[in-house]
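The values are calculated or read from the model by the stated rules, or taken from the named source; none is laboratory data. Predicted, not measured: the structure shown is a model, and the values here were computed from it. When we count neighbours, we look across all protein chains shown, and the Cβ atoms used for this are built from the backbone with ideal geometry, even at glycine. Side chains included, ligands, DNA and RNA excluded: accessible areas come from the protein's heavy atoms. Shrake-Rupley method; radii C 1.70, N 1.55, O 1.52, S 1.80 Å.
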Amino acid sequence: MHNLKPLTALGGAVADVQTVGTLTICEVPDLALASVAARLGREKQTLKTLKTLVGATLPGPGKASLKGDIPAMWIGPDQWMLSADYADHETLFETVAGATGADASVTEQSDGWVCFDISGSQMPAMCELLCPVDIHGMAVGDATRSTIHQMGCFICRTGDTELRVIGPRSSAGSLHHALIAAAHSVA
Amino acid sequence: MTQKNRLKGGQIDTSQTLNFSFDGKQFTGHPGDTLASALVANGVRLMGRSFKYHRPRGLLTSGSEEPNALVELRAGNRQEPNTRATTIELFDGLLAKSQNRLGSLKFDLLSINDRFSNFLAAGFYYKTFMWPAAFWEKIYEPIIRNAAGLGSLSLEDDPDVYDKGFLHCDLLIIGAGPSGVAAALTAGRAGARVILADEDFRMGGRLNSETIAVGDAHGSDWAAQTVAELATLPNVRMMARTTVIGAFDHGTYGAVERVSDHLHTPDAGKPRQILWRLYTKRTLLCAGAIERPIAFENNDRPGIMMAGAVRSFANRWAATPHERVAIFTNNDDGHRTAADLHAKGVKIAAVVDTREGAPRSNSYEVLAGAQVTDTKGRLGLTFAEVKLADGSTRRLDCGALAMSGGWNPNVHMTCHQRGRPTWNDDIAAFVPSAELPAGMSVAGAATGVFSTHAALTTGAKEAAAILRDLGIKSRAPKMPQAEDAPTNITPFWYVEGASRAWLDQQNDVTVKDVKLSHQEGFRSVEHLKRYTTLGMATDQGKTSNMGGLAVMAEIAGKTIPEVGTTIFRPPYTPVPIGTFAGRARGMDFHPTRKTPSHTFAEERGAVFVEVGNWLRAQWFPIEGETTWRESVDREVLATRNSVGVCDVTTLGKVDVQGADAADFLNKIYCNGFAKLAVGKVRYGLMLREDGIAMDDGTAARLAEDHFVVTTTTANAVGVYRHMEFVRQCLFPDMDVQLISTTEGWAQYAVAGPNSRKVLEKIVDQDISNEAFPFMACANITVCGGLRARLFRISFSGELAYEIAVPTRYGDALIREIMTAGADFDIVPYGTEALGVMRIEKGHAAGNELNGTTSALNLGMGRMVSKKKDSIGSTLSERPGMNEADALAQVGIKPTNPNDPVPAGAHLMAADGPIDAAHDQGYATSACYSPILGHSIAIGFLKDGANRKGEVMRLVSPLTGIETQVEIVSAHFIDPDGERLRA
């Protein structure tokens, strides 16, 4: 066991949580991420394998599956981002790669991103000020790729009043600043 | 001052009083007032000075088209110039000042310009100030610039914040007058997602300004009730105080919402305004119409206003500009003003109607077939001279003159995609053509139908048609009864014989100026605009363009549609620059990317540099160091003599996997990768399609079907995009998958003769030279089990490694490395030391891969493999790219060690002329080498490979530098590479 101490994307030892009016913006550092892309001609096999692993059919374009231990989000043709609790699945990519073998290309993505969970009744109004997605047209479980203040992000509506934003880790501070400013605007 | 011109009624809340100040004088008004209506109620007619002649001016209109009543609103850092008094919602404590004056508003010293108007006619500055030419820049231009312009800026930072936002809808309705409200009701009840936007703070449009009944209710009451119903519908978004400013591509619209402008100061954290981008499936333009003036001599005196505006002030704001008002009209609408004012107890001096068959009235005098020929009153109208139908003249005493030349449909938004309006003779105005922006329809007065009935029914009908088109079922609500008066108008643009008759009050353009423009050959409507400035500035000619066109048409012997209109461009009304900037200002101009060692570097006082969006440590000063060079020299010497560590996370990393991963790399790199062994790294050069070098980096083979490609920091995004293009578009049949892992790994270069000894303390595996030789790579663990990657590559030319761990452990790792290296006096080094060491080693970087250099120039000509096809390889063989005397990379050192060798300087022969024709090459990168003790450079020299030892001159005629230099190998340090293999 190593004794190196991790930092969250915002640079803290623990997750940053901020409440602005009725809105809460939580940093989610305990998230293991792995991208999986089916190899050419192995798409069906990959889907089959991952259905067993994830416990649900992998979502199609614009969708995420939120149930189970390993939620999945569609991020490109035959490509998904899988996530899981970091403490239990730190090497999620190894688990997935072990399952798919040479049927898919799996890459660790845990530390490429910063994840924020936004909740509160003003979430849609806040989202309107952040990115061009049609938040009112998104059902729970809809996910898409968009930009927030020039930063490429994944946006997933995880509940009626809940939104998950996954953005580039090195810009975590800028992204967080944008979220907090928008929260103040609508709170 | 009491509100002496306040009438009874109106849509203002007289139970509350608001205090405000104009030019230092205190006034009162009520909620629901605009600054304009409150000033009218207080009997203020003089509100500003004109642009050029500094003539006294008052309100012309009551809406956003206002050309005259521009004020500096608020004070200090919130002072905003050129704000239209007609659109400022009154709030308690409002401060406003008149502008464009020297001295007081009543005694403006620059009104002298009016006396010299003969010298200041249109285009005067093209003709005067021509001599002496040298006077222009230093004398004439500063004087003109000082006198020109309207309001002044505070020159302080704007303290407010501005947001940008994005909305989506089935139907955007622009304008909440009768047609817009009827359309919103139709679409809203059908369940469509509707946005109803209006620039006004009170929805209802002209219904709030008229005394017209809708059904059994007063028009404004019907509007209020309908707006209240719409507000209860969750699918309808009501956006008052929101101006749609432009129609852009594919059904997107821009809109500015004035969130806090009606407040003294925005609430904490709240934006002042929001710039919305509206994504619409369909749009219904219900923008109404704008009344146009008539040009007559001295038609610009304070008190002379549009008839519809006077009606608005009386009916909506319960205020009259004067107790005695005359009306000048060419259509029936002008008579409404007379009737409404009369009903409110205002004395009507007379209605002057240009038409012989003008309607008669029992309540006030109507002068049919008459014209207003002149007016008097220095700071406000006192009387109008009228030429009667029989040719006699008569003086009409009045303090206000309400004029109506007819109404122009508001076609602006229909023309933002280059459409041109068409002429409609029935109403003597332009109407929208069939060529509309995609997805747009038009209803109500904007189409040229001016009755309330027509507005309501066309609004509902167009909305129903849109719903059908969108596949949304609807039942058109039955519209209530309303007046359906025809438009009776006889076109009348200007009074014969008038010369100082103002067409464009904002730019002081007269009938005479248009005639002059024609006389001097500026006859095209676009030339007319530029020559006279007709239709420019904040109002963009909303009240003036038609008059100008009509005069030009008459002089040119053309019809108005033959003259045509100028181009309509967004924004529809002025937008503060801050609104366009939004949150992207100062440090938030772009996102900031921080490296995993950022906190570590900050703790050591690192000086940062922006590299793209990244902040990288440039150097780490320690106590006693006074210049950057001292720090950099120390970091270089410490690294070369023992060991240093540098954060190289910013270099792009692309995970390349798939059965064809090696073949794919063979395509994107000009050198071969297929035979690279697992566990090995290779330097690679990417060419553009045209054979010019694009980027360089390394590819590490972690498995048969798994590579990690690194790119330069600057090109990380571009190279990844290029790779995706190649994968998806050029070779879709290859089995290869790409994903960026740049940010997922914290990566450090550990360089120097003691680097292995430091890493041996951290890495859990054997990294001896035998077990882990130069160009090896492996998945390893560090510090007792953390997964990591190790690459034995060197940018500095020293024995060096790059070690990577998951980013969350990046901070911990660099601290571990520093601890492990303490015995070896390890130093952190920044990008400057990195740069010095790579120049000493002769490694190419951005300065060399500058978009003009080929592999041959870079000394890597033989790397372009002929055994395979790769992107750029064919075109790299073009004639000219492979000349014998082509530029080749060389090292440059001064013959006198104290001389500088600046980058960018050019190489010339040791003697002979210094000019472009004798140019031999240029220095690309230069630095002081602390190891060598003198400056060095690398650069490109014609036939450079064969000229080592030659003495030349390195010159920069621009900065006066001429240094004698010797051409040497670009590898100043360890040319045989013994150190990095040690």
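Below, the figures for the structure above:
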quantity	calculated
Restricting region B:423-463 to residues that are in contact with a Pro (Cβ under 7 Å, 6 or more places away or on another chain) and hydroxyl-bearing (Ser, Thr, Tyr), the residue that is surrounded by the fewest Cβ atoms within 10 Å (Cβ to Cβ)	B:Ser433
Residue check, B:Leu35 surrounded by fewer than 19 Cβ atoms within 10 Å (Cβ to Cβ) and either aliphatic (A, V, I, L, M) or free of Cβ contacts under 8 Å to residues at least 12 places away in the same chain (or both)	no
Test: residue in region A:115-124 that is within 11 Å of another protein chain (Cβ to nearest Cβ) and open to solvent by 30 Å² or more (accessible area, probe 1.4 Å)	no
Of residues in region B:625-635 being closer than 16 Å to B:Ala606 by Cβ and β-branched (Val, Ile, Thr), the one surrounded by the fewest Cβ atoms within 10 Å (Cβ to Cβ)	B:Thr627
Any hit, region B:814-833, residues being within 13 Å of another protein chain (Cβ to nearest Cβ), at pLDDT 95 or above, open to solvent by 10 Å² or more (accessible area, probe 1.4 Å) and under 45 Å from the mean Cα position of the chain (by Cα)	yes
Members of region B:141-168 found to be under 27 Å from A:His149 (Cβ atoms) and either touching a Phe, Trp or Tyr at 6+ places or on another chain (Cβ under 6 Å) or charged (D, E, K, R) (or both), listed by number	B:Glu156, B:Asp157, B:Asp158, B:Asp160, B:Asp163, B:Lys164, B:Gly165, B:Leu167, B:His168
Index of the failed condition, B:Leu263 passing every other in (1) in a loop (DSSP other than H, G, I, E, B); (2) within 14 Å of chain A (Cβ to nearest Cβ); (3) in contact (Cβ under 8 Å) with a residue 60 or more places away in the chain	(2)
Residue in region B:518-526 that is buried (at least 22 other Cβ atoms within 10 Å of the Cβ), touching a Leu at 6+ places or on another chain (Cβ under 7 Å), more than 14 Å from chain A (Cβ to nearest Cβ) and assigned to a helix (DSSP H, G or I) present	no
Breaking point among (1) within 14 Å of another protein chain (Cβ to nearest Cβ); (2) open to solvent by 70 Å² or more (accessible area, probe 1.4 Å), for B:Cys169	(2)
Test result for B:Thr533, touching a residue at least 24 places away in the same chain (Cβ under 8 Å), β-branched (Val, Ile, Thr), open to solvent by less than 30 Å² (accessible area, probe 1.4 Å) and farther than 30 Å from B:Leu230 by Cα	yes
Scan of region B:937-958 for residues that are closer than 14 Å to B:Tyr922 by Cβ and surrounded by fewer than 14 Cβ atoms within 10 Å (Cβ to Cβ), ordered by number	B:Pro957, B:Leu958
Qualifying residue in region B:610-624 (condition: crowded, with 21+ Cβ neighbours inside 10 Å and assigned to a helix (DSSP H, G or I))	no
Exclusive hit being farther than 30 Å from B:Ala661 by Cα, within 11 Å of another protein chain (Cβ to nearest Cβ), open to solvent by 30 Å² or more (accessible area, probe 1.4 Å) and touching a residue at least 24 places away in the same chain (Cβ under 8 Å), set A:His136, A:His184	A:His184
Any hit, region B:402-421, residues being β-branched (Val, Ile, Thr) and either more than 22 Å from B:Ala176 (Cα to Cα) or open to solvent by 10 Å² or more (accessible area, probe 1.4 Å) (or both)	no
Matching option when the condition is open to solvent by 30 Å² or more (accessible area, probe 1.4 Å) and either at pLDDT below 95 or out of contact with any Lys or Arg (no Cβ under 8 Å at 6 or more places or on another chain) (or both), among B:Ala231, B:Ala217, B:Ala247	B:Ala231
Residue, farthest from the chain's Cα centre (by Cα), within region B:326-342, restricted to residues that are open to solvent by 10 Å² or more (accessible area, probe 1.4 Å) and within 14 Å of B:Ser209 (Cα to Cα)	B:Ala339
Candidate set: region A:97-107, residues that are facing another protein chain (nearest Cβ under 9 Å) and either over 18 Å from B:Arg789 (Cα atoms) or of a type in the set (A, V, I, L, M, F, W, C) (or both); chosen: the one most open to solvent (accessible area, probe 1.4 Å)	A:Ala102
Residue count, region B:86-120 (criterion: in a loop (DSSP other than H, G, I, E, B) and not hydroxyl-bearing (Ser, Thr, Tyr))	14
Residue count, region B:732-776 (criterion: touching a residue at least 60 places away in the same chain (Cβ under 8 Å) and away from chain A (no Cβ under 14 Å))	15
Subset of region A:69-96 [open to solvent by 10 Å² or more (accessible area, probe 1.4 Å), under 15 Å from B:Arg787 (Cβ atoms) and either touching a residue at least 24 places away in the same chain (Cβ under 8 Å) or polar (S, T, N, Q) (or both)]	A:Tyr86, A:His89, A:Glu90, A:Thr91, A:Phe93, A:Thr95
Unmet requirement for B:Thr649, which otherwise passes all of (1) surrounded by fewer than 20 Cβ atoms within 10 Å (Cβ to Cβ); (2) assigned to a loop (DSSP other than H, G, I, E, B); (3) within 14 Å of chain A (Cβ to nearest Cβ)	(1)
Qualifying residues in region B:783-806 (those that are in a strand (DSSP E or B) and of a type in the set (Lys, Arg)) - the one nearest to the chain's Cα centre (by Cα)	B:Arg789
Some residue of region B:639-646 being open to solvent by 10 Å² or more (accessible area, probe 1.4 Å) and under 45 Å from the mean Cα position of the chain (by Cα)	no
So A:Val54, is it at pLDDT below 95, open to solvent by less than 30 Å² (accessible area, probe 1.4 Å), among the hydrophobic types (A, V, I, L, M, F, W, C) and not assigned by TED's automatic domain parsing to the domain that holds A:Ser174	yes
Selection within region B:226-248 - more than 14 Å from every other protein chain (Cβ to nearest Cβ) and free of Cβ contacts under 8 Å to residues at least 12 places away in the same chain	B:Ala228, B:Ala231, B:Thr232
Answer residue from region B:579-600, given it is out of contact with any Gly (no Cβ under 8 Å at 6 or more places or on another chain) and not in a loop (DSSP other than H, G, I, E, B) and is farthest from B:Thr242 (Cα to Cα) among those	B:Phe600
Inter-residue pairs, beta-carbon under 6 Å, first more than 18 Å from B:Glu291 (Cα to Cα) and in region B:399-418, second among the small types (Gly, Ala, Ser) and surrounded by fewer than 24 Cβ atoms within 10 Å (Cβ to Cβ), 6+ apart	B:His416/B:Gly246
